[in-house]
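First up is the structure itself, then whatever we jot down about it.
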Amino acid sequence: MIRRARGVLGRSVPRTLRARLIAGLLALLLLTCAGVGLATAQALRHFLVDRLDQQLADTGGRYAASLEHPGSRAAGDAARGDTRAQAPGTFGARLLNGTVTAARVVDGDADDPEVAEGTVAADTDDRVVLTAADRRALAALPPGGPARSVELSDLAGYRLRATAGRDGDVLVTGLPLSPVEDAVHRLVMIELVVFAVALVATGVAGALWVRVSLRPLDRVVGAAERVSGLPLASGEVAVPVRVPDDDLATEVGRVGAALNRMLGHVEDALARRQSVEERLRTFAADASHELRNPVAAVRGHAELALRYPGPVPDEVRHSLGRIEAEAQRMGAIVEDLLLLARLDAGRPLAAEEVDLTRLALDCTADARAAGPGHRWQLELPEEPVLVTGDADRLRQVVGNLLANARVHTPEGTRVTLALSAAAGDDSRIRLSVTDTGPGIEPALAERIFERFVRGDPARARTTGSTGLGLAIVRAVTAAHHGTVDLSTRPGRTSFTVRIPVHPGSAPPGA
Ligand SMILES: Nc1ncnc2c1ncn2[C@@H]1O[C@H](COP(=O)(O)OP(=O)(O)O)[C@@H](O)[C@H]1O
Ligand SMILES: [Mg+2]
């Protein structure tokens with residue numbers, strides 16, 4: 001319920017600053033118009049009613065008195081009033097001891113020439129039918145008191161005033177309120193038209209004005225959007241975008257200046273990060289390069305010592321064997337690190353035609369020899385699958401995936417290497433290594449392509465695990481503008497490599 005109400009409200013309240021400003025402006029103007037309209041209508045009514053009261057005061061009870069004292073009228077027509085000089089609609093009543101004895105109203109033809117001349121026409125005033133409520137209202141008027149608005153049932157609204165007559169009676173004179181209502185109504189109508197025109201004009205002019213005023217903000221938004229579209233995550237980064245409005249005297253200018261300052265900082269920070277990364281990469285490449293020779297020397301000397309023909313104690317032989325094995329492992333790690341450092345530095349790979357079908361056959365044959373306990377399967381398309389790339393590095397990718405399927409699964413596991421050519425919309429070849437092993441835990445699977453991430457470091461010595469195998473798979477695939485994905489569950493683990501047939505023509509990361 002609440003959510004729906006909020007939804008309805010959310011839809012009716014404009015979202016953009018532009019729309020909100022205009023809506024706010026119009027709402028304020030509407031309020032102002034309503035206030036002005038009410039105030040002027042009220043003031044006009046007051047003014048006109050005051051004038052009526054003045055008129056009533058001036059007239060006194062003359063007409064009402066004439067109802068009883070006919071003056072120049074013909075005898076026997078005592079009930080008729082003297083309508084001379086009385087405005088049409090003038091009401092007169094005479095009360096004696098709180099009882100109405102006569103009540104008449106001057107007819108609309110009061111300006112008849114006959115009347116003006118002083119002869120009373122038979123139709124110049126009319127009897128008014130009074131209900132009990134009307135009589136009570138008339139009786140309630142205080143003689144000599146202020147005029148009051150009274151609604152008489154036979155007539156419309158009237159302004160009535162009572163005066164004390166000469167012979168103990170009360171004379172009530174009244175003037176109709178309808179001219180006042182007409183004037184107020186007319187004023188309201190005129191105001192409605194004027195306000196409507198003002199609202200429309202303000203709406204149009206306000207929309208234009210707001211649009212013009214917010215134009216600098218659009219430029220800030222444009223600059224921010226251009227920056228957000230820049231590839232800032234890696235590589236050499238320049239942020240050439242700046243906001244043109246940086247006049248500190250305006251709000252938008254302050255935003256623009258702040259944004260420009262921030263962009264400057266971002267540029268500095270990115271440049272610093274870039275240089276740190278550069279140095280780190282150079283360091284890793286130099287370090288692994290420098291380690292290559294000593295490691296090779298250690299291994300060579302261990303081998304040499306092991307071939308010593310004379311008697312060597314068993315402990316020494318064992319140690320030498322360990323030295324040789326570890327030196328070999330160290331050599332492999334150094335080679336892997338060097339390769340990663342070179343790929344990081346963006347060293348170009350060879351771009352030769354590689355027959356992946358041939359490569360898959362070779363690698364599977366090697367894997368079968370290394371792991372005869374596993375069941376190895378190959379799924380190859382009829383046509384040879386060719387890509388442009390670096391044969392040695394691609395061999396390393398397939399070799400690492402097959403080695404993992406061998407080393408990290410128990411004997412008897414079935415491992416399938418499947419290769420499929422580019423087909424349909426996807427202009428990439430697909431190579432997958434799938435095994436029926438125990439699978440990889442989700443926590444490990446998330447970070448599996450990172451460097452030195454491995455399942456069981458304790459078993460590192462027996463499996464020769466370094467945690468660099470899949471990092472190399474990813475780096476080499478990325479260098480070929482390809483991707484590698486993992487899908488794993490107990491009983492089925494599958495690594496899928498996709499690379500474009502001609503990596504040179506594909507955008508990076510495609
Ligand atoms: N096919 C697989 N089945 C189960 N676990 C695997 C498989 N492939 C890789 N892993 C896990 O991923 C980890 C990282 O693999 P990798 O980067 O090649 O390093 P390494 O093989 O040197 O340990 C391995 O230690 C292993 O725990
Ligand atoms: Mg491995």
- Out of all the residues in the range 389-403, is one or more more than 16 Å from ligand 2 (Cβ to nearest atom) and not in a helix (DSSP H, G or I)? yes
- Query: So which of D154, D182 is of a type in the set (D, E), free of Cβ contacts under 8 Å to residues at least 60 places away in the same chain, part of a loop (DSSP other than H, G, I, E, B) and within 30 Å of T131 (Cβ to Cβ)?
  - Reply: D154
- Query: When only residues in the range 136-183 that are farther than 20 Å from A87 by Cα and charged (D, E, K, R) count, which is most open to solvent (accessible area, probe 1.4 Å)?
  - Reply: R166
- All but one of (1) surrounded by 12 or more Cβ atoms within 10 Å (Cβ to Cβ); (2) within 30 Å of R474 (Cα to Cα) hold for F283, so report the exception by its number. (1)
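Table: residues versus (1) open to solvent by 50 Å² or more (accessible area, probe 1.4 Å); (2) of a type in the set (A, V, I, L, M); (3) under 50 Å from the mean Cα position of the chain (by Cα).
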position: D314; (1), (2), (3): yes, no, no
position: R322; (1), (2), (3): yes, no, no
position: A325; (1), (2), (3): no, yes, no
position: G346; (1), (2), (3): yes, no, yes
position: L359; (1), (2), (3): no, yes, no
position: T364; (1), (2), (3): no, no, no
position: T388; (1), (2), (3): no, no, yes
- Please enumerate the residues belonging to the range 457-500 that are within 12 Å of ligand 2 (Cβ to nearest atom), hydrophobic (A, V, I, L, M, F, W, C) and out of contact with any Ser or Thr (no Cβ under 7 Å at 6 or more places or on another chain). A460, L468, L470, A471, I472, V473
- Which listed residue is in a loop (DSSP other than H, G, I, E, B) and more than 12 Å from ligand 1 (Cβ to nearest atom), from G455, G373: G373
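Taking into account only those residues within the range 463-477 that are without any contact (Cβ under 8 Å) to a residue 60 or more places away in the chain and open to solvent by 30 Å² or more (accessible area, probe 1.4 Å), which is nearest to ligand 1 (Cβ to nearest atom)? Lay out the reasoning, then the answer.
To start, the set of residues in the range 463-477 that are without any contact (Cβ under 8 Å) to a residue 60 or more places away in the chain comprises 463, 465, 467, 474.
Subset that is open to solvent by 30 Å² or more (accessible area, probe 1.4 Å): 463, 474.
On the way: T463: 7, R474: 9 Å.
Ranking the qualifying residues of the range 463-477, first place goes to T463.
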- Task: List the number of the failed condition for R215; all other conditions in (1) in contact with a helix residue (DSSP H, G or I) (Cβ under 8 Å, 6 or more places away or on another chain); (2) under 25 Å from R18 (Cβ atoms); (3) open to solvent by 50 Å² or more (accessible area, probe 1.4 Å) hold.
- Result: (1)
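The values are calculated or read from the model by the stated rules, or taken from the named source; none is laboratory data. Since we're looking at a predicted model, the values are computed, not measured. Backbone-built Cβ (ideal geometry, glycine too); neighbour counts: all protein chains shown. Keep in mind that these areas ignore ligands, DNA and RNA; they rest on the heavy atoms of the full protein, side chains included. Shrake-Rupley method; radii C 1.70, N 1.55, O 1.52, S 1.80 Å.
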